[in-house]
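Notes for the one structure printed next.
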Amino acid sequence: MTFGGYLLSLLIWLPIAGGFIVLALGDRIAAAKWLSLIVSALALALSAPLWALFKTGTAAMQFIERSPWISTIHSEYYIGVDGISMPLILLTTLTTVLIVIASWTNVEKRVAQYFAAFLILEGLMIGVFAALDGVLFYVFWEAMLIPMFIIIGVWGGPRRVYATIKFFLYTFIGSLLMLVALIYLYLKSGTYELAAFQRMPLNLTEQTFIFLAFLAAFAVKVPMWPVHTWLPDAHVEAPTGGSVVLAAIMLKMGGYGFLRFSLPIAPDASRELDWLIIGLSLIAVVYIGFVALAQRDMKKLIAYSSIAHMGFVTLGMFIGFQIVAATGRTSGIGLGLDGAIVQMLSHGLVSGAMFLCVGVMYDRVHSREISAYGGVINTMPKFAAFMVLFALANSGLPGTSGFIGEFMVILASFKANVWYAFFAATILVLGAAYTLWLVKRVIFGEVANDKVAALKDLNGREFFVLGVLAAAVLLVGVWPAPLLDVMRASTLHLAQQLLVSKIAP
Amino acid sequence: MNPLAQFSVSQFNAGLNYATPEIYLGLAACAILMLDLLLNDAQRRWTGVLAVISLVITAMLVAVQPVTVKFVGLGGLFEIDRMAQVLKVVTLLTVAVVFVYSTDYLQRRAILKGEYYVLGLFAALGAMVLISAGSLITLYLGLELMSLCLYAMVAFDRESGIAAESAIKYFVLGSMASGTLLYGMSIIYGVTGNLELGAIAAAVQNGLGDNVGLVFGIAFLIVGVGFKFGAVPFHMWIPDVYEGSPTCVTVFIGTASKLAAFALAMRLLPEALAGSQPDWSQMLIVLAVLSMAIGNIVAIAQSNLKRMLAYSTISHVGYVLLGILSGTAQGYQASMFYMISYVIVAAGAFGMILLLARQGFEADKITDFRGLNARSPWFAGMMAILMFSLAGLPPFIGFWAKLGVVQAVIGNYTWLAVVAVLFSVVGAFFYLRIVKLMYFDEPTETTIIGGSVLMRTVLSANALLVFGLGVIPGTLLQLCQRALQ
């Protein structure tokens, strides 16, 4: 077996093992920090060969590792990646390194536990994206809640306990319904292998219930309207690092779940119920867009913006059925899926960066209220440049990553129905409105008060973190081809799965 | 037929052979009782040491028995199969761990008496007899031997008024339940004409399944089993007894006696009355749903940790019943796994209370765990593992338990599976509250955590076992699968 043979396992278990060692370091704060940095950087370095050795042009799983795990329930330790999960793993490793660097000095209590929680979380999140066995997936998916619960609860804001328990219970209830669906599929197929779930014929009633059970889990995670209410609370109360992980990666797991579970396992139910998802997505885009306009708290505004953008992701995933119905052609399905995935990655970079920007200001002023700021550009010109860039990316400016995904999804919805495209495109207007208005109030104008006047510009560490994200946002924005190449085979394969009915003749 | 006509010496000897561990434990308990008279208070710890040693030896004697198929001996009174073997080993080791946890606690409150250990040993013997019972008589004998010891243990702290109250409550209600159970047994005997479980099963299979008298008897059996389990609506004694007993007795009732209750249910329902499974399944559905509902919801309102764990037990019993009521071998295996894993976790959780307790301070308020992470990150971590496991989160053993029983009911009773998972969300809330107190709140006191090195080691091992078996549950799952094929 080659080096690539254990790459995924290393990516999962190295951060987790590192996290436990950091935990054991306890009061030796400097050692804990440096070890966290080394471990997370190592994980990032290990994900480079994942990209380099990845074979484009095939939808088959790669870097497969498979060995028996629990024989009594036929569950295996079965991991692998395809073009959908690989970029998300890269996003995870990149984000974690940046979080470790960004949190270097602004954690005061229980420092080792803080960094350990993020490392363990990283390993578990990579496990979610890599798992190809239902039980293994579920174990990572649920275990992830524990470090996040602790992160929000220990290092969060004043209402952190309320926020973290709400986050936990919302996610938990959805996940358990998914578990029931997974067990049903297991009893039917005799294995927990996801590929077998995808192959197995199911009648429409079964598919509908399974689809709804999965929807309960993934809609909460995305989050879709009307089960989104945990997100603004969790985001506002979480420490900066926690907000970044939530926005950049955890929300993507809902989208990933739709792609890996709902669509291929229950394609007929997905087609029957696509109106539901499309409707909820458009509500998220339009209604939540307006809600975002009304926010006075910066983090809350970005949280609502996240919900709206994730509405775009789910729209792109489910618009394909309408395209086939409207035009009879199947070419648009892949476009919607591609757009959705690019939008997920882009949102991961942009929203993570926006939360980091808020974090930078919060560290200095200790307020997230928009009204506490004004004219930041006068005292923090470098920071202002980054903030404006990310704001423009958030509102979908061509040349940034935000544009690519939104454009593809709007294009796909145009093929289905002009009205879908019309409502979807309001995100360009509303997104620009709430983001740029935020920038106008916070960054531009006269220096609002003494605190803003006393602001110091970015230090080297912050500059590095935001610089890396800015480079990534621009790179994906002007040259998305490599990313699309990686994804293409997998999304085409998925699109084909969607077109074949699983109802047994 | 005259039983003596079938009597054969070799058969009797084989029976005695298989009963060696019980005989050994009985003799050891008597010997320790005698020996304890010779010890003064300073040497009293040795009673505990000897008790633990004899439990471990008994467990080893059971473990080495070559059990492949079911063996019925001693004139049908005694039977041993793989399930009995596994349950006995787990029970004995649990009691040994409980004794380790208890010694410090007893010493600190100056009630370290030899009787605690001797009663505990006899209760363990009762549990073993019950687990290995081949007829209704031995079933009842084992149950009463265990229960009477437990009644006395609850009242063991003579100075405590609340303990005396709990003991009376436990005794009166327990006797009523035993009486009901005995009444049910007598009806079963009247209908089938047999006391041996195997013969009853055969009679029920051969056309007695729908007999009204039989179903009437089953209803009484369910009441008795429900009481010993603590399933709603026969749960009233659980919170009061858990709260009122000295914690070292609560942990005994919460762990070892639950395993015995499980054996009681398994012997009576799937073994002896397999033929009327639809009848008792329906009754158990009511018990299971009510237990999950009442247990999980009422636990939220508790401020006393022992009381909260009492309601938590009630809810977990509901989940155990799910597996039994499914009426399949997979379901029974899942229930057995659930029971064993629950006992491991509960032993750890009560062990934490015992660890934090000090002279004149019980540490049984939920708020006593406030800020534990600042006082001892290690034991806060251990408690967090136990709480997440009770909530049924992976990668802890409680998740696999829940997975198994939910798996058992999907198909025939899918709605029950949905009910079960929804109530476990309710349950997650109060387990999370403990984690919240330990991690998110600041401590109100700064005392150093006590406990002997032995106790700390065993407690840590107990919690780490919950984690280890959560990551690699295969062995225990296989053990339960082989035990109940």
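Bear in mind that the values in this text are calculations on the coordinates, not laboratory data. For clarity, every value in this text was computed on a predicted model and none was experimentally measured. So basically every Cβ, Gly included, is an ideal-geometry build from the backbone, and we count neighbours across all protein chains shown.
Listing for the model above:
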read-out: Karplus-derived HN-Hα couplings along the stretch B:260-275 (A = 6.51, B = -1.76, C = 1.60, θ = phi - 60°), whole Hz, x at Gly and Pro; value: 5, 4, 4, 4, 4, 4, 5, 5, 6, 8, x, 7, 7, 10, 4, x
read-out: Enclosed volume per residue, in Å³, of the convex hull spanned by Cα atoms of the stretch B:126-264; value: 86 Å³
read-out: Cross-link table B:LYS228/B:LYS402; B:LYS306/B:LYS436; A:LYS252/B:LYS306; A:LYS252/B:LYS402; A:LYS221/A:LYS451, entries beyond 29 Å C-alpha to C-alpha; value: A:LYS252/B:LYS306; A:LYS221/A:LYS451
read-out: Degrees between helix B:329-356 axis and first principal axis of chain B (Cα, 0 to 90, nearest 10); value: 30 degrees
read-out: Relative contact order, percent, the stretch A:380-505 [alpha-carbon distance under 8 Å, six or more residues apart]; value: 37 percent
read-out: Cα-centre dipole for the stretch A:438-505 with unit charges at Cβ (Lys and Arg positive, Asp and Glu negative), debye to 20; value: 220 debye
read-out: Nearest-ten-degree value, helix B:305-325 long axis tilted from longest Cα axis of chain B; value: 30 degrees
read-out: Whole-number D in µm² s⁻¹ for the protein assembly as shown, Kirkwood Cα-pair radius fed into Stokes-Einstein, 20 °C, 1.002 mPa s; value: 71 µm²/s
read-out: Cut-off under 5 Å, modelled amide H: who pairs with B:PHE78 long-range; value: B:GLY73, B:GLY134
read-out: Chain B: Cα Rg divided by the 2.2 N^0.38 Å rule of thumb; value: 0.94
read-out: Net charge, A:LEU132 excluded, C-beta distance under 15 Å - Lys, Arg +1, Asp, Glu -1; value: -2
read-out: Proxy reagent accessibility, fewest Cβ within 10 Å first, across A:GLU206, B:GLU442; value: B:GLU442, A:GLU206
read-out: Within 10 Å of each Cβ in B:403-413, the average number of Cβ atoms from other chains; value: 4
read-out: Distant alpha-carbon pairs in the stretch A:378-432 (separation over 13 angstrom), percent; value: 62 percent
read-out: Long-range amide H partners of A:SER75 with built H, under 5 Å; value: A:TRP69, A:ILE70
read-out: Cα-Cα P(r), chain A, percent of pairs per 10 Å interval; value: 4, 21, 32, 27, 12, 3, 0, 0
read-out: Under the Karplus curve 6.51 cos²θ - 1.76 cosθ + 1.60, θ = phi - 60°, whole-Hz ³J(HN,Hα) for the stretch B:443-460, x wherever Gly or Pro sits; value: x, 9, 9, 10, 4, 6, 6, x, x, 6, 4, 4, 5, 4, 5, 5, 5, 5
read-out: Cα Rg, Dmax, the stretch B:99-145, angstrom units; value: 14.0, 43
read-out: Among A:ALA489, B:THR313, A:PHE172 - extreme Cα towards positive end, dipole of the protein assembly as shown, charges at beta-carbon; value: A:ALA489
read-out: Karplus-derived 3J(HN,Hα), 6.51/-1.76/1.60, for each residue of the stretch A:198-204, Hz, glycine and proline x; value: 6, 7, 5, x, 9, 7, 5
read-out: DSSP-assigned coil residues among trypsin sites (Lys or Arg not before Pro) in the stretch A:1-66, each with at most 12 further Cβ atoms within 10 Å; value: A:LYS55
read-out: Rg/Rh for the stretch A:142-281, where both radii come from Cα atoms and Rh is the Kirkwood radius; value: 1.03
read-out: Dimensionless Rg/Rh of the stretch B:338-445 - Kirkwood Rh, Rg from C-alpha atoms; value: 1.06
read-out: Cα-derived Rg to Rh of the stretch A:427-505, Kirkwood definition; value: 1.25
read-out: The stretch B:264-419: relative contact order in percent, alpha carbon pairs under 8 Å with at least 6 residues between; value: 23 percent
read-out: Out-of-range pairs (alpha-carbon distance over 25 Å; input A:LYS382/A:LYS440; B:LYS113/B:LYS169; A:LYS188/B:LYS258); value: A:LYS188/B:LYS258
read-out: Lys/Arg +1, Asp/Glu -1 at C-beta; the stretch A:214-307 dipole; positive extreme among A:MET298, A:ALA269, A:LEU259; value: A:MET298
read-out: 222 nm mean residue ellipticity, helices alone, for chain A (DSSP H n ≥ 4; -39,500 (n - 2.57); rounded to 500); value: -24000 deg cm²/dmol
read-out: The stretch B:231-283 - convex hull of the alpha-carbon atoms, volume per residue in Å³; value: 64 Å³
read-out: C-alpha long axis of helix B:397-409 to longest principal axis of chain B, angle in °; value: 30 degrees
